[in-house]
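Below: the structure, in C-alpha cells.
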Amino acid sequence: MTSNGLVVAYSVLVAAVHTLGGLTAAHAVMQVRSSQGAIAWGISLITFPWLALPLYWVFGRNHFFGYQEAMRRVYLQHYERIHEIYRQLKTHQVSLPEPLTPLDQLAKLFTPLTFTSGNTVELLIDGQQTYTAMLTAIARAKHYILFQFYIINDDQAGNDFKQALIDRAQQGVRVYLLYDEIGSQKISRSYMRSLRQQGIQVSAFHPTKGKGNRFQINFRNHRKILVVDGEVAFVGGLNIGDEYLGKHPKLSPWRDTHMQVTGPSVKALQSSFLGDWYWATSDLPEVSWQVFPSSNTATALILPTGPADPLPACQLFWLNAINLAQSRLWIASPYFVPDEPVLAALKLAVMRGVDVRIILPNHPDHLFVYLCSFAYYTELQSVGIQLYRYKPGFMHQKVMLIDDAIAGVGTVNLDNRSFFLNFEVMGFITDSTFIQSVETMLKADLAAAVAVNLEEYRRKPFWFRLVVKATRLLSPIL
C-alpha cells in the first residue's frame, strides 16, 4: 500500500472510531443510570474514544439483557404448572405487621413469593460450622442437589465438596452445579471433568450469553445457594474454598455468616437456582415443590435481585429497609461503597435518632474497594454514623439488623456492584429467636472491632487522600 493509501486508511479509521464514539456517547446519555455517569461516559467517548469505547462496552451498562425474556419463555411453557406451584406456596404467605408493612408491600412487587411462615432458620457462623452443616445435608440427599456458588476453589475444601457430591451421584442422586466464570476462574478443568464423569451436571452461568451481553464481563452471579431435595437449603456469604476455613495466610481468621433454612423459603431459593440454571443451560431440572413446613413459625423472605430486574430491586429494598429503622441499624459488610441514595438514607437514619453502626474489615482483600471506603469518612462523621473495623482477620459476612424487627443474611455487599451489577440473594427473617442470635453475633464482632476515629482521615498524607478520592470515581464498578 502506498503512503497516500495508508493516510487515507488511517483517516477513515479515525473518522470511524470518532463516529462510533459519538454514537456510543448518545447511547450512554440515554442508558446510563445516573446523570453523573452519563456525563462522564459521554465526554470520555467523544474526547478519548480509543480508550473509552472498549471500557464502555465492558463496564458501561448496568442492565443484563435476555434474562427476563428467558423467564417469560419458561412461564409460557409451564404456565399451568407454575400457577399451581405458586398457588400452593402462597397458602404459607403472611403479611407483616406494622411498622414493616412498607417492606412487605415492596417485596410483593419484586418477587412472587414474599414473606412466608412455617420456616426454621438457623444461623451458621464461620466456615467450620457452615461446611459441616452443608456436607451433612449433602450426605443425606436422596433425590437431587442444587449447588451454586460464586467461587469454587480447587483446594482441600473444594475437593471435600467435590467428593461429597460425587458420593451422592454414585448413589443415584441428581446433582446440578452452577458457578460464575469470573469468580471461579482459577478452578481447573480436571476438577470439572471429574464431576462430569460421575454424571454431575456442571455449568457456568454464562454472563456473556446473548448478543446484548457479549462484552459484559462486568456482570457477576454472586449467589451462594445449596438446596437438598427441596427440604433444606443454605444461603449466605461463604463460597467454597480453604480461605473460608481460616487457611488464608494473610486474611485469617476468616469471619463469615451463612444460614440454614427449612420450610417454604427453601422453595424460593430453589426457584432462584432454577432461573439461573435455565439461563445457563436452557434446561429445567425436575424438582420437588412439596412444602415441608417446620414446627417453627419463623417468618422469612428470600429476595433474589440482579441486573436483569426491571427496577433496581436490591437498592430499593435496602433503601426501604434503612428508612424503616427506628432505634437500631447495624450492618456488617466487607465493602462500603454506597451510592448517593443509600448514603443519604444512612444519614437520615442517624438524624432521626437511629443507632447506625457499620462493621467493615480492617484487613482488605481488594485494595481499591478498601481505599474507596475512606472517601466517605467525612460524610459519616458529619452526622454521627459509627464505623468499626474488625481486627482479628478478614470479615466477609453480609448481615443487616434493624431494630428488634428484622435481620438479613445473604450475599449483598454494601456497594454499587451488589446493588446494580451482581445477581444476589438475601434472606430477611422476622423471627425473634433468630434476631436475638444475630444480635449476639454482631455484639461479639463489635467487641472484636475498633471504633474508627473519622477525624484520622483528615490527618492522612495528601497522596493518600488523593488516591482515595480517585478510587471513589470508580465506585460505580467497584
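The values are calculated or read from the model by the stated rules, or taken from the named source; none is laboratory data. Because the structure is predicted, anything quoted here is derived from the model rather than measured. Every residue, glycine as well, gets a Cβ built from its backbone with ideal geometry; the counts of neighbours run over all protein chains shown. The protein model used for the area step is the full one, side chains on, heavy atoms only, and it has no ligands, DNA or RNA in it. Shrake-Rupley method; radii C 1.70, N 1.55, O 1.52, S 1.80 Å.
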Original post:
If you take the residues in the stretch 26-49 that are buried (at least 17 other Cβ atoms within 10 Å of the Cβ) and farther than 21 Å from Phe64 by Cβ, which one is modelled with the highest pLDDT?
Top reply: Leu45
**OP:** Hey, can you tell me all the residues within the stretch 367-387 that are in a loop (DSSP other than H, G, I, E, B) and either under 24 Å from Gly408 (Cα atoms) or free of Cβ contacts under 8 Å to residues at least 40 places away in the same chain (or both)?
**Re:** Tyr376, Gly384, Ile385
Subject >> Checklist (1) in contact (Cβ under 8 Å) with a residue 40 or more places away in the chain; (2) more than 22 Å from Leu303 (Cα to Cα); (3) among the polar types (S, T, N, Q) applied to Gln397, failing item >> reply: (2)
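Only one residue in Tyr335, Tyr376 is in contact with an Asp or Glu (Cβ under 6 Å, 6 or more places away or on another chain) and either polar (S, T, N, Q) or crowded, with 20+ Cβ neighbours inside 10 Å (or both), so which one is that? Don't jump to the end; show me each part of the working.
On the way: Tyr376 fails: in contact with an Asp or Glu (Cβ under 6 Å, 6 or more places away or on another chain).
Testing whether each residue is in contact with an Asp or Glu (Cβ under 6 Å, 6 or more places away or on another chain) and either polar (S, T, N, Q) or crowded, with 20+ Cβ neighbours inside 10 Å (or both) leaves just Tyr335.
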Subject >> strands (runs of 3 or more DSSP E) wholly inside the stretch 190-303 that include at least 2 residues being of a type in the set (S, T, N, Q) and crowded, with 19+ Cβ neighbours inside 10 Å >> reply: 257-262
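Considering only the stretch 152-189, how many residues are in a helix (DSSP H, G or I) and either closer than 21 Å to Gly275 by Cα or within 24 Å of the chain's Cα centre (by Cα) (or both)?
First, the residues of the stretch 152-189 that are in a helix (DSSP H, G or I): 156-170, 189.
Then keep just the ones that are either closer than 21 Å to Gly275 by Cα or within 24 Å of the chain's Cα centre (by Cα) (or both); that gives 157-158, 161-162.
Number of matching residues: 4.
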Subject >> Complete set of residues in the stretch 118-143 that are over 17 Å from Lys224 (Cα atoms) and buried (at least 19 other Cβ atoms within 10 Å of the Cβ) >> reply: Gly118, Asn119, Thr120, Ala141
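How many of the residues making up the stretch 399-435 are closer than 27 Å to Leu245 by Cβ and either open to solvent by 10 Å² or more (accessible area, probe 1.4 Å) or out of contact with any strand residue (DSSP E or B) (no Cβ under 6 Å at 6 or more places or on another chain) (or both)? So that I can check it myself, show each step before the final result.
Taking the stretch 399-435 first, the residues closer than 27 Å to Leu245 by Cβ are 399-401, 407-415, 417-418, 422-427, 429, 434.
Now drop any that are not either open to solvent by 10 Å² or more (accessible area, probe 1.4 Å) or out of contact with any strand residue (DSSP E or B) (no Cβ under 6 Å at 6 or more places or on another chain) (or both), which leaves 413, 417.
Total meeting the criteria: 2.
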**OP:** Please work out which residue is most open to solvent (accessible area, probe 1.4 Å), limiting yourself to the stretch 308-332 and to residues that are under 19 Å from Phe423 (Cβ atoms) and of a type in the set (A, V, I, L, M, F, W, C).
**Re:** Leu311
